[in-house]
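What follows is a set of notes on a single structure, which appears directly below.
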Amino acid sequence: MSEIKIPELAESITEGTIAEWLVKEGDKVEKGDPIVELETDKVNVEVNSDYSGVITEIIRVEGEDVEVGDVIAKIDENAETGSTTQAESKPAEDKEEKVDQQSESPKQEQPKQEDTEEQRETGVAGVIASPAARKRARELNIDLSKISPRDPLGRIRPEDVEEAAKSVDKPQKKSVKQEEKSSEKTEFSKPVERVKMSRRRQTIAKRLVEVQHEAAMLTTFNEVDLTNVMKLRSERKEKFIEKHGVKLGFMSFFTKAVVGALKDFPLLNAEIQGNELIIKKFYDIGIAVSTDDGLVVPVVRDAERLDFAGIEKEIKSLSLKARDKKLEMSDLQGGTFTITNGGTFGSMLSTPILNAPQVGILGMHNIQKRAVVMPDDSIEVRPMMYLALSYDHRIVDGKEAVQFLVRVKQLLEDPYDLLLEG
């Protein structure tokens, strides 16, 4: 019998949540087969079996948090499909019969058939408890080692946990932390639904709060006239698709404009490490993508070396991988600046939050036709977009931030130079 453990995933990932088991007890697997999908704070990864054999026991259930090295299942390398459960259950039954024969006390009541699944032994630190009991204990913050089971075989069941929780709930002086925790569990007189936050959503929430505490974040705004960008896209869209197989979208224009502005204002392409500024001479642009599981920011590598088609292809590829949960750690690491497009969902204006350790993020918004006063005092209807640049004031001064945004505006309002450079 061999143990299947959570392997080393990546340098910055030490824990995750079991999202989905791809096999069940009794299934035969080959070495290298994916057996479970693990949700981490960045990507979903599949854990492969290190052995060939039959899955005899699934120890950690879906929704459980696990760490590198945790045993999540057991596999019998010598078993055949369908025979494992019978082979393993018989010795246990024989053992119980011998105990009954030797004991002078009345024969102990055997577990009910419907409880079999719950009563899989899941020993952790000497405690034997069903998955349902362990889950309930986590919800109620109960220490399993302090529970006295009523099961004659020593297994802790959910009802044992509930009984232990009642004794813990006796009136006692609460600490500040306990009061805060209880306030989070506010009971409502009207219908509500409690949904556990995914690991990724918890991480996003934590990091966004950390950024606002650690960085001196400030946002400056401008607006851009996209008449020429839209005209250029209209002129080139058919030939562009025929030649490159992708559409000429807005993101390639904005990516090119950002790279051009970063070259002129390099502190927005930097980060702080201790008491040093790391000014990066490469341009790996993060493109924020919204998924069902939360926001992810895959990175377009070496954007300054890509033409418009190259940028559009890379963005399309990364977006599809994000949607299908196929992003790898290498797709998400090392960005130098981020672009986020709230306009996709109709946002008119926003203040984007920095993607640490980056010190700049550009927010795009909805395109609205507005009356604009032209240089000759005439009034024309133009497709306008508000731009927002959030930046870390510890590195970037207001003057530099404003000039950066003005430079982005200039490049977008005269995009033919961008296209020629690309």
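The values are calculated or read from the model by the stated rules, or taken from the named source; none is laboratory data. Just so it is clear, the structure is predicted and the values come from calculations on it, not from any experiment. All Cβ positions, glycine included, derive from the backbone under ideal geometry; neighbour counts span all protein chains shown.
Of all residues in the range 324-341, those satisfying the criterion of being in contact with a helix residue (DSSP H, G or I) (Cβ under 8 Å, 6 or more places away or on another chain) and hydrophobic (A, V, I, L, M, F, W, C) are Leu327, Phe337, Ile339.
State whether one or more residues within the range 301-318 are out of contact with any Phe, Trp or Tyr (no Cβ under 9 Å at 6 or more places or on another chain), under 27 Å from Asp392 (Cα atoms) and assigned to a loop (DSSP other than H, G, I, E, B). No, because not a single residue in the range 301-318 is out of contact with any Phe, Trp or Tyr (no Cβ under 9 Å at 6 or more places or on another chain), under 27 Å from Asp392 (Cα atoms) and assigned to a loop (DSSP other than H, G, I, E, B). Checking each residue in the range 133-148 for being crowded, with 19+ Cβ neighbours inside 10 Å and either of a type in the set (Gly, Ala, Ser) or more than 15 Å from Glu64 (Cβ to Cβ) (or both) picks out Ala133, Ala137, Ile142, Ile147.
Restricting attention to the range 326-346, the residues being in a loop (DSSP other than H, G, I, E, B) and surrounded by fewer than 17 Cβ atoms within 10 Å (Cβ to Cβ) number 5. Among residues of the range 239-268 that are closer than 18 Å to Ser317 by Cα, those with a Cβ under 7 angstrom from a residue that is acidic (Asp, Glu) and part of a helix (DSSP H, G or I), sequence gap 6+ or separate chain, pair up as Val246/Glu312; Lys247/Glu312; Leu248/Glu312; Gly249/Glu312; Ser252/Glu312. Based on this model, can you work out whether Leu232 counts as out of contact with any Cys (no Cβ under 7 Å at 6 or more places or on another chain), at pLDDT 95 or above and of a type in the set (A, V, I, L, M)? Taking the combined requirement at face value, the residue does not satisfy it.
When Val359 is tested against (1) touching a strand residue (DSSP E or B) at 6+ places or on another chain (Cβ under 8 Å); (2) within 25 Å of Glu46 (Cβ to Cβ); (3) surrounded by 17 or more Cβ atoms within 10 Å (Cβ to Cβ), just one condition goes unmet, and that condition is (2). The conditions of being in contact (Cβ under 8 Å) with a residue 12 or more places away in the chain, under 22 Å from Asp331 (Cα atoms) and buried (at least 16 other Cβ atoms within 10 Å of the Cβ) are met by Glu37. Tallying residues that are part of a helix (DSSP H, G or I) and without any contact (Cβ under 8 Å) to a residue 60 or more places away in the chain within the range 182-235 yields 11. Taken residue by residue, the range 177-189 has at least one member that is of a type in the set (Phe, Trp, Tyr), modelled with pLDDT of 80 or more and either farther than 30 Å from Ile272 by Cβ or buried (at least 16 other Cβ atoms within 10 Å of the Cβ) (or both).
Does Thr351 satisfy the criteria of being in a strand (DSSP E or B), under 24 Å from the mean Cα position of the chain (by Cα) and not basic (Lys, Arg)? No.
Can Lys263 be described as of a type in the set (D, E, K, R), assigned to a helix (DSSP H, G or I) and closer than 22 Å to His393 by Cα? Answer is yes for this residue.
In the set (1) touching a strand residue (DSSP E or B) at 6+ places or on another chain (Cβ under 7 Å); (2) crowded, with 24+ Cβ neighbours inside 10 Å; (3) closer than 26 Å to Lys369 by Cα, the condition left unmet by Lys256 is number (1). Within the range 356-384, the set of residues being touching a helix residue (DSSP H, G or I) at 6+ places or on another chain (Cβ under 7 Å) and outside any loop (DSSP other than H, G, I, E, B) comprises Gly360, Leu362, Gly363, Met364, Ile367, Arg382, Pro383. Out of everything in the range 274-297 that is in a strand (DSSP E or B) and in contact (Cβ under 8 Å) with a residue 60 or more places away in the chain, what residue ends up being nearest to Leu362 (Cα to Cα)? Checking each candidate, the answer is Gly286.
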